[in-house]
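The structure appears right after this line, and notes come after that.
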Amino acid sequence: MTDQYTFQDPTSQYPKPDDSWKQEQPGAGLEQRMHPTPDAGESTYRGTGRLTGRKAVVTGADSGIGRAAVIAFAREGADVVLSYLPEEEDDAREVVKLVEAAGRTAIACPGDLKDEAYCQKLVQTAVDELGGIDLLANVAGKQQNQESILDITTEQFDETFRTNIYAMFWLCKAAVQHMPPGGTIINTTSIQAYEPSPILVDYASTKAAINAFTKGLAGQLAEKGIRVNAIAPGPIWTPLQQAGGQPEEALSSFGTQTPIGRPGQPAELAPAYVFLASAESSYVSGETLNVNGGMPTP
Ligand code: NAD
Ligand code: MG
C-alpha cells in the first residue's frame, strides 16, 4: 500500500484529465458525484502523532482540500469540529466516519459561513464540545467563473467576499479569544492571488486579500504565541471546479498547464496543513506555502 511517504514519480502519481473529466454540478457540488473520485487521503494518508490532542475547527470539511485536512488532522491525533453546508451532509457523513475510525472526536456542525453568528457558533462548539480550540483551518471557499465583469452580479460578488473573506475574519476574531499560545491558524489562498484568471476576477481578488490578511494578522498575533499562515493551492481536483469554478470544457485539460503536468489531488495538500498546524513549524508565521505543481510564485 502506498502513502504520502512512498517514493515515487510525482508526474505519474495521479491521473491526467481527458474528456471524461468534463462534468457540471449544481450548488456547492458533491465529492460523491465526481468522476474520477478525488484522493483525499482516505486510503493514502498515514498519521504519526504530529497533532496529538489538538482541538481543531475546519471549514469546507466535507470535500476536497478540507476533507483531506480533516482526515490528516484526525490521523495525526486531533479532534475536529467540521463546518460545511447543509446540502453537503452526505459528503460530511463520510468524513465524520473517517475521523471516528481514527479514534478521534468529530463534531458535525453544518451551516452558512456568510452568517457571522454561525462562525461564532463554530468556535463556541469547539470550546464546549472539545474543551477549546488551538487550530483553525479556514478552507471553505466560493468560486464562480464569469466571462465578463458584466456577468458578475452584485449578489455573486457579495457572496464570494462574504464566504472567502468575511467568514475568515469572523472565525479568526472568535478563535483568537480562546486560543492558547502555540495555537495555529491556517488560511487557504490560491495561485489566483498572483496569476488571476480573466474569468475569476472576484474570486482572485479575495485570494489576494487573504494573503495580506494572513501576513498582517501573523504580525499582530506573534507576541501571543499564535502563528498564522496560508496555503496556496494550484489546480486541485475537487467539487469546487465542477460547481461553476471552471467552464465545463476546461476540465478536460485541468491542471495540465503546471510543470508537473497534471492536476493535484486533495491528499497532496494534507501534509502542508499538518506542517503549518503542528509545533514543528514553530518559527514559521505569515508564510504562504504554495502547493501548485511547480508554478513559480512571488
Ligand atoms: P470544495 O468544493 O471541496 O470545498 C469548498 C467548500 O467550501 C465546500 O465543501 C463547502 O463546504 C464550503 N463552503 C462554500 N460556501 C460555503 C458557505 N456559504 N457556508 C459554509 N461552507 C461553505 O473545493 P476545494 O477546492 O477543496 O476548496 C477548498 C479551498 O481551496 C477554497 O478556499 C478554494 O478557494 C481553495 N482553492 C482550491 C483550488 C482548486 O483548484 N480546487 C485552488 C486554489 C485554492
Ligand atoms: Mg463540499
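The values are calculated or read from the model by the stated rules, or taken from the named source; none is laboratory data. Predicted, not measured: the structure shown is a model, and the values here were computed from it. Using ideal geometry, Cβ is built from the backbone for each residue, glycine included, and neighbour counts are taken over all protein chains shown. These area figures cover heavy atoms from the full protein model, side chains too; ligands, DNA and RNA do not enter into them. Shrake-Rupley method; radii C 1.70, N 1.55, O 1.52, S 1.80 Å.
So here's what we get for this one:
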| read-out | value |
| --- | --- |
| Residue order for MET179, MET1 - accessible surface, 1.4 angstrom probe, largest first | MET1, MET179 |
| Low-density loop positions, trypsin sites (Lys or Arg not before Pro), region 32-76 - DSSP coil, at most 15 other Cβ in 10 Å | ARG46 |
| Mean separation of Cα contacts under 8 Å, 6 or more apart, over the residue count of region 49-291: relative contact order % | 21 percent |
| Karplus 3J(HN,Hα) series, Hz, for region 167-177 with 6.51 cos²θ - 1.76 cosθ + 1.60 (x for Gly, Pro) | 4, 4, 4, 5, 5, 4, 4, 5, 5, 5, 6 |
| Candidates PRO86, PRO110, PRO263: whichever shows maximal mean-square fluctuation once the chain is modelled as a Gaussian network with Cα springs under 10 Å | PRO86 |
| Size of electric dipole in the chain: Cβ of Lys, Arg +1 and of Asp, Glu -1, about Cα centre, debye, nearest 20 | 1000 debye |
| Amide proton proximity set for ALA108, modelled H, under 5 Å, gap of 5+ | LEU82 |
| Alpha-carbon centroid distance for the pair region 187-262 / region 30-60, whole angstrom | 19 Å |
| Residue-span extension gain [GLU280 to SER43] - 0.36 nm each, minus C-alpha spacing | 82.9 nm |
| Of LYS55/LYS142; LYS97/LYS207; LYS121/LYS142; LYS142/LYS215; LYS97/LYS215, pairs whose Cα-Cα distance is over 24 Å | LYS55/LYS142; LYS97/LYS207; LYS97/LYS215 |
| Over region 225-265, relative contact order from alpha-carbon pairs under 8 Å, at least 6 apart, % | 44 percent |
| Accessible surface, 1.4 Å probe, highest first, among residues GLU147, GLU42, GLU280 | GLU147, GLU280, GLU42 |
| Which of PRO196, GLN241, PHE275, positive extreme of dipole for the chain (C-beta unit charges) | PHE275 |
| Residues in region 175-198 reached by a label modelled at ILE165 [backbone nitrogen below 14 Å; 7 Å Cα→Cβ] | 193 |
| Charge dipole (the chain, unit charges on Cβ, about Cα centre) - positive-most of ALA117, VAL81, GLY183 | GLY183 |
| Mean ellipticity per residue at 222 nm, deg cm²/dmol - from DSSP H runs of n ≥ 4 across the chain, formula -39500 (n - 2.57) | -8500 deg cm²/dmol |
| Aspartates and glutamates with Cα under 12 Å of LYS22, excluding same-chain neighbours fewer than 8 positions away | GLU248, GLU249 |
| Kirkwood-Stokes translational diffusion coefficient of the chain, alpha-carbon pairs, 37 °C, 0.692 mPa s, µm²/s | 174 µm²/s |
| Computed E for ARG33/LYS224 - FRET, C-beta separation, R0 51 angstrom, nearest 0.05 | 0.75 |
